[in-house]
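Mind looking over this structure? Questions follow.
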Amino acid sequence: MEHAMKLHLDATLCQGYGLCQEQAPGLLELDEWGYAALRTPQPDLGSGARAAADAAVRVCPARALRLG
Amino acid sequence: MEQLTRPRATAEVRTLAALGTAPVLLGADPGRREDLAGYLALGGYRTPTGPEELLRRLRAADLRGRGGAGFPAARKLEGVLAQPPGPRVAVANAAEGEPASVKDRFLARRRPHLLLDGLAHAAAAIAADRAYIQVSDRTAAASLTAALAERPPAVPVTVSLVAEAYVAGEESAVVRHLGGGPALPTAKPPRVFEHGVDGLPTLVHNAETLAGIALAAGGGRADTFLATVSGLGSAPALYELPYGTPLDELADHHYGTGADPESYLIGGFFGGLLSPRPGLALHPESLRDAGAQLGCGAVVALGPEDCPVSAAADVLAFLTAEGARQCGACIRGTAAMAQTLRLICRGEATTRDAEQLEGWSRSLRGRGACGLLDAAAANAAALLRTHPGTVAAHLAAPCPRCLAAGDPPRRTRFALDLA
């Protein structure tokens with residue numbers, strides 16, 4: 001069975017740049033210290049959200065985000 | 001070189017004969033190390049059955065993981081069996097980081113063959129080509145090494161010693177350490193059953209879970225659990241209890257009839273405070289319904305001199321000190337909750353501080369790579385839920401009990417070791 005693509009955040013890598021949230025505000029939020037958190041439940045990565053997720057993955061200097 | 005032990009109070013090992021169960025986990029003589037002859041006399045080291053028969057027995061016994069999460073033991077095994085063919089690894093986790101629990105080090109030190117028997121059954125079921133036991137004390141390592149010499153295992157077993165730390169017992173930290181890395185957790189996914197030691201599918205079972213597997217595989221009873229019971233000025237003790245034992249009954253036996261504790265710290269440091277209610281049973285589902293968990297079976301009664309707020313502050317201070325310092329939200333969030341609790345203890349917190357604590361106790365869940373931040377949030381949430389009036393009183397005026405207790409000790413006051 002093919003599993004649905006999801007955005008994953010490795011919290012050990014996040015440095016709090018906050019760039020991802022600018023790219024994908026519907027998928028990510030920042031806490032009061034600036035660290036990224038995945039919104040739950042994660043919205044379906046349909047076409048629009050998928051493009052935002054890709055952009056968030058690309059923009060993170062710490063490579064803390066991935067799709068899988 | 002990191003220190004492997006810390007100064008602790010000691011827990012005396014006793015059986016709870018009053019609850020009328022013949023001990024199968026504590027063994028025939030819990031005060032002494034059981035050797036090979038002793039274990040064989042109890043019918044140990046049966047030839048492993050195939051995986052299907054083992055799974056059937058584990059399901060029939062409803063055996064749950066005893067490391068804390070209570071995940072069904074059979075399902076964890078199935079997770080590894082479902083992986084593509086290839087080498088697999090079996091791991092016994094006896095790196096007991098819970099300060100108020102001594103059960104895993106009891107099994108590793110005193111019943112090494114029961115633990116190794118369970119590991120042998122688990123390793124055989126997944127066709128592992130090697131196995132490990134992770135421990136965090138030298139006595140346990142020596143006992144297991146001697147047991148392996150007494151009876152060489154079919155699948156090679158390596159005893160691995162790790163510096164004692166709260167996060168070192170988390171399963172991704174265990175496999176990372178066994179692979180030559182630091183004993184620190186990794187982000188999920190992947191889970192260790194798909195990507196564990198050296199990237200191989202890895203079955204990690206807690207020491208007590210493996211003891212249960214040995215008992216169930218041998219056709220015996222596996223309907224009891226180990227509970228480390230302390231607090232209220234009592235001499236700490238390790239009990240073997242049938243699932244469903246009423247908490248009141250245990251309290252009457254251990255603390256004395258009429259001790260009537262106002263609050264418990266239960267299930268380990270990730271569980272939080274519990275307000276007892278009549279008839280509450282020590283069973284995973286009953287405790288979950290009561291907003292708590294059975295966890296690792298640690299039961300700490302808070303005495304009249306122990307304010308629940310200062311107990312929660314103690315736990316949060318410990319968790320802050322024990323964090324892996326990998327995840328920003330945990331580094332910041334755990335320290336922030338600990339600091340707010342310290343302010344509440346001192347009578348220096350405002351209503352706004354308490355509201356902020358309540359917000360963090362919800363918003364910080366699931367934010368770290370391991371469960372430490374969840375543990376911190378759960379403790380804050382449990383305090384606010386179970387003792388709202390006590391917390392409110394602290395905002396109005398300083399609490400004499402908290403002032404007498406002072407700032408949390410560097411090491412939690414709830415820490416125990418095996419006598």
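The values are calculated or read from the model by the stated rules, or taken from the named source; none is laboratory data. Model, not experiment: these values are computed from the prediction. With ideal geometry, Cβ positions are generated from the backbone for all residues, glycine too; neighbour counts draw on all protein chains shown. Remember, those area values only see protein heavy atoms, side chains included, never the ligands or the DNA or RNA. Shrake-Rupley method; radii C 1.70, N 1.55, O 1.52, S 1.80 Å.
Which number in (1) in contact (Cβ under 8 Å) with a residue 60 or more places away in the chain; (2) small (G, A, S); (3) part of a helix (DSSP H, G or I) marks the one condition that B:A392 misses?
(1)
Out of the residues in segment B:15-45 that are part of a helix (DSSP H, G or I) and out of contact with any strand residue (DSSP E or B) (no Cβ under 9 Å at 6 or more places or on another chain), state the one that is modelled with the lowest pLDDT.
Filtering segment B:15-45 for residues that are part of a helix (DSSP H, G or I) and out of contact with any strand residue (DSSP E or B) (no Cβ under 9 Å at 6 or more places or on another chain), the one modelled with the lowest pLDDT comes out as B:A18.
Condition check: open to solvent by less than 40 Å² (accessible area, probe 1.4 Å), in contact with a Lys or Arg (Cβ under 9 Å, 6 or more places away or on another chain) and farther than 20 Å from B:G212 by Cβ. Does B:D137 satisfy that?
yes
Give segment B:305-361 a look and list any residue that's more than 14 Å from every other protein chain (Cβ to nearest Cβ), within 20 Å of B:E98 (Cα to Cα), open to solvent by 30 Å² or more (accessible area, probe 1.4 Å) and in contact with a helix residue (DSSP H, G or I) (Cβ under 8 Å, 6 or more places away or on another chain), or say none.
Selection gives B:T320 alone.
Hey, does segment B:242-249 have a residue that's touching a Ser or Thr at 6+ places or on another chain (Cβ under 8 Å), open to solvent by 10 Å² or more (accessible area, probe 1.4 Å), touching a residue at least 40 places away in the same chain (Cβ under 8 Å) and under 30 Å from A:L7 (Cβ atoms)?
no
Please give the number of the condition B:Y239 fails out of (1) within 24 Å of B:L383 (Cα to Cα); (2) crowded, with 24+ Cβ neighbours inside 10 Å; (3) out of contact with any Asp or Glu (no Cβ under 8 Å at 6 or more places or on another chain).
(1)
Out of all the residues in segment B:170-182, which are open to solvent by 20 Å² or more (accessible area, probe 1.4 Å) and either of a type in the set (A, V, I, L, M, F, W, C) or touching a residue at least 24 places away in the same chain (Cβ under 8 Å) (or both)?
Answer for segment B:170-182, where residues must be open to solvent by 20 Å² or more (accessible area, probe 1.4 Å) and either of a type in the set (A, V, I, L, M, F, W, C) or touching a residue at least 24 places away in the same chain (Cβ under 8 Å) (or both): B:E170, B:E171, B:H177, B:L178.
Those residues that are part of a strand (DSSP E or B) and crowded, with 24+ Cβ neighbours inside 10 Å, I need them from segment B:91-130; list them, please.
Within segment B:91-130, B:V91, B:A92, B:N93, B:A94 qualify.
Looking at (1) in contact with a Pro (Cβ under 8 Å, 6 or more places away or on another chain); (2) assigned to a helix (DSSP H, G or I), can you tell me which one B:G86 breaks?
Against the list (1) in contact with a Pro (Cβ under 8 Å, 6 or more places away or on another chain); (2) assigned to a helix (DSSP H, G or I), B:G86 comes up short only on (2).
Go through the residues of segment B:189-198 one by one and say whether even a single one is open to solvent by 20 Å² or more (accessible area, probe 1.4 Å) and either touching a strand residue (DSSP E or B) at 6+ places or on another chain (Cβ under 6 Å) or of a type in the set (G, A, S) (or both).
No, there is no match, as no residue in segment B:189-198 is open to solvent by 20 Å² or more (accessible area, probe 1.4 Å) and either touching a strand residue (DSSP E or B) at 6+ places or on another chain (Cβ under 6 Å) or of a type in the set (G, A, S) (or both).
Contact list please: Cβ distance under 7 Å, first residue in segment B:362-382 and away from chain A (no Cβ under 13 Å) and part of a helix (DSSP H, G or I), second residue open to solvent by 10 Å² or more (accessible area, probe 1.4 Å) and aromatic (F, W, Y), pairs at least six apart or on different chains.
B:A375/B:F270; B:A378/B:F270; B:A380/B:W360
Just to check your reading of the model, which residue among B:L265, B:L184, B:L203, B:L247 is within 24 Å of B:Y39 (Cβ to Cβ) and either modelled with pLDDT of 95 or more or within 20 Å of the chain's Cα centre (by Cα) (or both)?
B:L203
Further question on the same structure: What number of residues within segment B:396-411 are closer than 10 Å to B:G347 by Cα and either open to solvent by 50 Å² or more (accessible area, probe 1.4 Å) or among the acidic types (D, E) (or both)?
4
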